[in-house]
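Each value in this text was obtained by applying a stated rule to the coordinates, not by laboratory testing. The structure presented is a predicted model; accordingly, all values stated were derived computationally and were not measured. Virtual Cβ from ideal backbone geometry, glycine too; neighbours counted across all protein chains shown.
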Ligand code: PHE
């Protein structure tokens, strides 16, 4: 029996087979175990010698199994080491890093520039009610901007109110004035929505709104503030600016602002030149707006401005079509240097 089992142990080809041999020999129902059970029926003298002999066999087999196990494990380890070898001298595979979308970048840059001038960032909801988007901003009830062709209306609510996707960031002016005491100095970047799509319009776009309210702010402050912003954002000094009289219901007087530029060889350059580019709308906050927001117009005054984020990004990076911002085309991002 001893030799037979020893041969089986030596011949076990792998750890699984070795375990089977162990169970057949030393397991509860194993052959050595069965043999040991016969000891009970022997007379004491025979049992003593037979017992010693059987224990020797059992220990020898157990030792042989352990030795075989160690040998098999070593073989397996060698095989694994060979299989899983790493070549640490291989060059790394090139990976494409993620990058910031030009709109996010513009958003961050603008917030940083106005942050330096002491503006805090404020935000409002994309879904607005008629009051914040229009009424408090002094839109007369029949103003064309309320009509379907511009504004996305949501289905009427149970109380009959019609909410809209905000058409500009100006409702954040209202929310700020109604919740904060002057002096106020905020920058409100955010998404806006208008039912429109062509080279220079998308149904969703971004604006940032500036609002300053205190007791002595005047139009000179507005001009200085915008001049500083334009020069910081476009990284050009002494950019000519032109304030053209305009109209917004919520500002009086109102202006549209143009910046100087030149187009030589088809390339647009911001700065002193032979042409003008419109970049934003602004004005002194209308007294009706102050009243609607609960502020005393004989005590407080201030200015506001609204800028299209895509518009200034297009000018800075020479992007001709606004729709491309939202097409998620990596080739486009790479072309303008926004992705690796
Ligand atoms: N809300 C205006 C627009 O969307 C821009 C604007 C903001 C004009 C603030 C004046 C003051 O066109």
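Expressed as a whole number of Å, what is the distance separating the alpha-carbon centroids of the stretch 93-107 and the stretch 1-38?
65 Å
Which whole-number percent of Cα pairs in the stretch 43-151 have a distance greater than 20 Å?
Of all Cα-Cα distances in the stretch 43-151, 78 percent exceed 20 Å.
Which residue fluctuates the most in the chain, going by a Gaussian network model with Cα springs under 10 Å, if the choices are 306, 318, 283?
The residue that fluctuates most here is 318.
How many percent of DSSP beta bridges within the chain run antiparallel, rounded to 5?
95 percent
So how far, in whole Å, is the C-alpha centre of the stretch 132-202 from the one of the stretch 213-265?
Cα centroid to Cα centroid, the span is 23 Å.
If I stretch the segment between residue 71 and residue 86 completely, what's the gain in nm (0.36 nm per residue apart, minus their alpha carbon distance), one decimal?
Details: separation 15, 0.36 × 15 = 5.40 nm, distance 2.49 nm.
Gain in length upon complete extension: 2.9 nm.
On full extension of the chain, what length is gained from residue 247 through residue 223, given 0.36 nm per residue of separation minus the C-alpha to C-alpha distance? Walk me through the numbers before you get to the answer.
Working: separation 24, 0.36 × 24 = 8.64 nm, distance 1.70 nm.
Result for the pair: 6.9 nm of gain on full extension.
Say each of residue 262 and residue 296 gets a label point 7 Å from the Cα, pointing the same way as Cα to Cβ; how far apart are those two points in nm?
About 5.3 nm, to one decimal.
Under the classification rounded if a/c is under 1.5, otherwise prolate if a/b is larger than b/c and oblate if not, where does the stretch 234-284 fall, given a ≥ b ≥ c as square roots of the Cα gyration tensor eigenvalues? All intermediate terms of the calculation are to be shown ahead of the outcome.
Numbers: a/c = 3.27, a/b = 2.50, b/c = 1.31.
Note, shape of the stretch 234-284 comes out prolate.
Under the classification rounded if a/c is under 1.5, otherwise prolate if a/b is larger than b/c and oblate if not, where does the stretch 4-106 fall, given a ≥ b ≥ c as square roots of the Cα gyration tensor eigenvalues?
Here the stretch 4-106 falls in the prolate category.
Can you give the extra length, in nm with one decimal, that the chain gains between residue 97 and residue 60 once fully stretched, where that is 0.36 nm per residue apart less the Cα-Cα distance?
7.1 nm
Between 59, 214, 321, which gets the highest mean-square fluctuation from a Gaussian network model of the chain, Cα cutoff 10 Å?
59
Going highest first, how would you order 115-127, 86-98 by mean Cβ packing within 10 Å?
The packing order, highest mean first, is 115-127, 86-98.
If r is the Cβ-Cβ distance from residue 326 to residue 78 and R0 is 51 Å, what FRET efficiency results, to the nearest 0.05?
So, using R0 = 51 Å, E works out to roughly 0.35.
Across every pair of different alpha-carbon atoms, what Kirkwood hydrodynamic radius in Å does the chain reach?
Kirkwood hydrodynamic radius for the chain: 26.7 Å.
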